[in-house]
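FYI, it's all coordinate maths here, none of it is from the lab. These figures come from a predicted structure and were not determined experimentally.
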Amino acid sequence: MWRADPSWILSSHLPPAHSIATLLDNLLPTPQSSPFVGPDQVALMEMLAQFEPASA
């Protein structure tokens with residue numbers, strides 16, 4: 001990737017990066033980050049119940 005020297009690096013889970021250095025700056029804190037813990041099934045169902053039904 002360093003040799004390719006892309007002008008942009010796009011990812012589906014990270015912000016666009018103008019350089020490899022920017023990409024690495026975005027990834028560097030990852031090991032120290034707390035893992036994401038999503039809602040359990042009950043909490044998810046409660047959240048979904050708050051949405052308006054889609055109109056046909």
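Under a 5 Å amide H cut-off, with hydrogens placed 1.01 Å from N, Ser19 pairs with Ile9 among residues at least 5 apart or on other chains.
What's the extension gain from Ser33 to Leu10 if we count 0.36 nm per residue and subtract their Cα-Cα distance?
Values: separation 23, 0.36 × 23 = 8.28 nm, distance 2.17 nm.
Computed gain between Ser33 and Leu10 is 6.1 nm.
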